[in-house]
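What follows is one structure encoded as structure tokens, with my remarks underneath.
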Amino acid sequence: MSIEKSFSLAQERYSRLGVDVGGALKALSQIPISLHCWQGDDVGGFENFGGTLGGGLVATGNHPGKARTPDELRADLEMAYSLIPGKHRLNLHAFYGEFGGKKVDRDEIAPEHFKNWISWAKKNGLGLDFNPTCFSHPKAADGFTLSHRDKSIRKFWIEHCIRSREIGAAMGKAIGKTCVTNVWIPDGMKDTPADRQAPRARLAESLDAIFKKPITPRLNLDAVEPKLFGIGSESYVVGSHEFYLGYAITRKKLLTLDAGHYHPTEGIADKISSVMQYLPEILLHVSRGVRWDSDHVVILNDDLLAIAREIVANGYQKRIHIGLDYFDASINRVAAWAIGTRNMLRALLIALLEPTDILRGAEATGDFTTRLALQEEIKTLPFGAVWDYYCEKKGVPVGEKWLAEVKRYEKGVLSKRT
């Protein structure tokens, strides 16, 4: 059966539940996903100095073809984008700048070091997001940055974050699409601290210094990202969920919810509608933790479906910025981007195809039987036919055909890298 015929039958089936399939596809095309550059080179960056990865970050695997230069990383990203329907974004970390072979420390970075990324993004119609890199550096070797007891070290990282915001604003201005600059720090302790309060007071003070200079939200939005624990900070993380929730609300910043940054039995989907009562916008880092914050490639599982449904069912598409955050070096890195992003889009499509009004109507009248019955029946509705049609209309491979494209790229390009 042709893709068009399958789509027509699926459209007819959904229409019986009052679902506008055409409207769903139009809405999906307007939701950008921010791909994370660090999947392409195992969180390495392009500096000419620095420390080990650190900060609780671990990239596992040694699949051949890792990007070694900015040009190689951009080429790999272009390949990935060609497999993903729609127009999207790229999320850059500060240590992916291009420094011309010079040693430019983190407190010296400037928009000029990202001019090639900006030009490339404009050429490809991509938005850009940004992150200060507060890890993999000698001044972060003891696990503390913005909350460090040494004022000079705090000053160094404050300046780095200030410059990162300026770079984000420059990206937003040049491209004409608002940049989201997200602050995450690794600060914490391996064993039980004697003083939990002082580092958090120092962190709040540092953040206030970073955000002191106002930047128009038309160019840059500031986000802060909490975490439950990391390797080396199992007992105490300075920037906890409660800390950053309070900070985001009182300072009017975006709160970042990372799917891997909470207890393994805890999902972020239920948090979304709670924090959105108090925050105008938030940032999501969609990841997949296996037993811990292990940053596995995003799959189409219940957690992802729940996240997508909360975004769509509540009409948060314009208020929530969706980014991916995982790094798997055990498989083809381009494939990892394609798998994760296509799954994020699939989850959003399933949410957009839900007969939400019927479900909420049943709930409002106390008809929980109908609610549960329909929640189960819609799980087997033919969303796959709608997805295939969407991919075809957007000019990207349908079904598993994208994998053949990756294999050709691996043989012709990635295998030649040493």
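Remarks
- The smallest convex shape that holds all Cα atoms of the range 209-283, its convex hull, gives 108 Å³ per residue.
- Part-to-part distance (alpha-carbon centres) for the range 198-233 and the range 159-174, which is given in Å: 14
- Too-long pairs where the Cα-Cα distance tops 32 Å, listed order kept, from K66/K318; K102/K416; K123/K271; K213/K318: K66/K318; K123/K271
- Note on V398 and S273: the extension gain reaches 41.6 nm, defined as 0.36 nm multiplied by sequence separation minus the Cα-Cα distance.
- A simple rule links phi to the HN-Hα coupling: the Karplus curve 6.51 cos²θ - 1.76 cosθ + 1.60 with θ = phi - 60°, which for the range 246-253 gives x, 5, 4, 5, 6, 9, 6, 10 Hz, with x for Gly and Pro.
- Model label points for E4 and D105, set 7 angstrom from Cα along the Cα-to-Cβ axis, are 6.4 nm apart.
- Calculated [θ] (222 nm, deg cm²/dmol) that DSSP helices of n ≥ 4 give over the chain, each run adding -39,500 (n - 2.57): -13000 deg cm²/dmol
- With all projection directions averaged, the alpha carbon convex hull of the range 330-395 covers 6.0 nm².
- Using only side-chain charges placed at the Cβ, +1 for Lys and Arg and -1 for Asp and Glu, the dipole size of the chain relative to its Cα centre rounds to 1140 debye.
- Projected area averaged over orientations for the range 1-90, convex hull of C-alpha atoms, nm²: 9.7
- Other-chain or far-sequence residues with amide H under 5 Å of N220's (modelled H): C179
- Taking amide H atoms as placed 1.01 Å from N in the peptide plane, the amide H of G260 lies under 5 Å from those of S287, each 5 or more residues away in sequence or on another chain.
- Cβ-derived FRET efficiency at R0 51 Å, T69 paired with A194, nearest 0.05: 0.65
- Restricting the calculation to alpha carbons of the range 275-316 gives Rg and Dmax of 12.0, 32 angstrom.
- Between W292 and I358, the distance separating the two model label sites (each 7 Å from Cα on the Cα→Cβ line) works out to 4.5 nm.
- Residue-wise HN-Hα coupling along the range 410-415, computed from phi with Karplus coefficients 6.51, -1.76, 1.60 (Hz; x: Gly, Pro): 4, 6, x, 10, 5, 5
- Computed packing ranks the peptides 208-221, 228-241 as 228-241, 208-221, most packed first, by mean other Cβ atoms within 10 Å.
- Taking every protein chain into account, the accessible area of the chain amounts to 44 square angstrom per residue (probe 1.4 Å).
- Residues in the range 150-157 carry Karplus couplings, in order, of 7, 4, 5, 6, 4, 4, 4, 6 Hz; the curve used is 6.51 cos²θ - 1.76 cosθ + 1.60 with θ = phi - 60°, and Gly or Pro positions show x.
- The range 308-405, accessible surface, carbon-and-sulfur percent (1.4 angstrom probe): 52
- Shown here are the Rg and Dmax of the Cα trace of the range 256-359, at 13.6, 43 Å.
- Extension reserve of the A141-N116 stretch, reckoned as 0.36 nm per residue once the Cα distance is removed: 6.0 nm
- Evaluated on the range 86-180, the Kirkwood hydrodynamic radius is 13.9 Å, with distances taken between all distinct Cα atoms.
- Simple Cβ-charge dipole of the range 78-171, Lys/Arg +1 and Asp/Glu -1, about Cα centre, in debye nearest 20: 120
- Extension gain (nm, one decimal) between E78 and K123, 0.36 nm per residue minus Cα-Cα: 15.1 nm
- For the range 4-151, the pair-distance distribution built from all alpha carbon pairs, in bins 10 Å wide starting at 0, is 9, 31, 27, 16, 10, 6, 1 percent.
The values are calculated or read from the model by the stated rules, or taken from the named source; none is laboratory data. Quantities reported herein were computed from a predicted structural model and do not represent experimental measurements. When we count neighbours, we look across all protein chains shown, and the Cβ atoms used for this are built from the backbone with ideal geometry, even at glycine. The accessibility values were calculated without ligands, DNA or RNA, using every heavy atom of the protein model including side chains. Shrake-Rupley method; radii C 1.70, N 1.55, O 1.52, S 1.80 Å.
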